[in-house]
Amino acid sequence: MRNLLYFRIFISMQGCVLVIIMRCSLKNTVERVLQDLDLYEIKDLQVGDLMNKKVSGGQRKRLNIGLELMREPVVLFIDEPTSGLSSFDSEKVMSLLRDQALSGKLVFAIIHQPSSDIIKCSTGSGFSIKVAI
């Protein structure tokens, strides 16, 4: 997992004049994102593939969100971040998105048929879900 995050940020830094200077902060960025995603304990696992799964669906979903967070976006557009996840993993993903919104990012997420638990964990503290029918 950690190698995938390193690769993603290295690719996004290509052509940057400050690549050598930024590599010093690369490790800190990867470690911070792994902590934020609650993936630090399994940071050395390989992600696997369809036939050889090594991480859960929720961990994979959080890792995919983390790959985008490595570029420090100001706005996140996320389509169905909880689809196919258990209620526990759905709450973790929504908690991650709430934390991103509270840190100043603008988060747009499309969630079909959210459970009441997802709506509860996604409201309050300046973060809210707008429901459209």
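Residues of the stretch 54-64 that are surrounded by 19 or more Cβ atoms within 10 Å (Cβ to Cβ) and aliphatic (A, V, I, L, M): Leu63 alone.
Exactly one residue out of Ile118, Ile133, Ile78 is among the aliphatic types (A, V, I, L, M), at pLDDT below 80, crowded, with 17+ Cβ neighbours inside 10 Å and not assigned by TED's automatic domain parsing to the domain that holds Phe7: that is Ile118. Give me the pairs, please: first residue somewhere in the stretch 68-97 and closer than 15 Å to Leu39 by Cβ and in contact (Cβ under 8 Å) with a residue 40 or more places away in the chain, second residue anywhere and among the basic types (Lys, Arg) and in a helix (DSSP H, G or I), beta-carbon distance under 8 Å, and either six or more positions apart or on two chains. Sorted first by the residue in the stretch 68-97, then by its partner, the pairs are Met70/Arg8; Lys92/Arg62; Leu96/Arg62.
Give the residue that is modelled with the lowest pLDDT, with candidates limited to residues of the stretch 24-53 that are among the basic types (Lys, Arg) and exposed (fewer than 13 other Cβ atoms within 10 Å of the Cβ). Reasoning before the result, please.
Initial filter on the stretch 24-53 (among the basic types (Lys, Arg)): 27, 32, 43, 53.
Going one step further and asking which of them are exposed (fewer than 13 other Cβ atoms within 10 Å of the Cβ), we end up with 27, 53.
Working: Lys27: 76, Lys53: 71.
Selected residue: Lys53.
Scanning the stretch 74-101 for residues that are among the hydrophobic types (A, V, I, L, M, F, W, C) and in contact with a strand residue (DSSP E or B) (Cβ under 6 Å, 6 or more places away or on another chain) yields a count of 6.
The values are calculated or read from the model by the stated rules, or taken from the named source; none is laboratory data. Please read these numbers as outputs of a predicted model, since none were measured by experiment. Cβ coordinates were reconstructed from backbone atoms using ideal geometry, including for glycine residues, and neighbour counts include every protein chain displayed.
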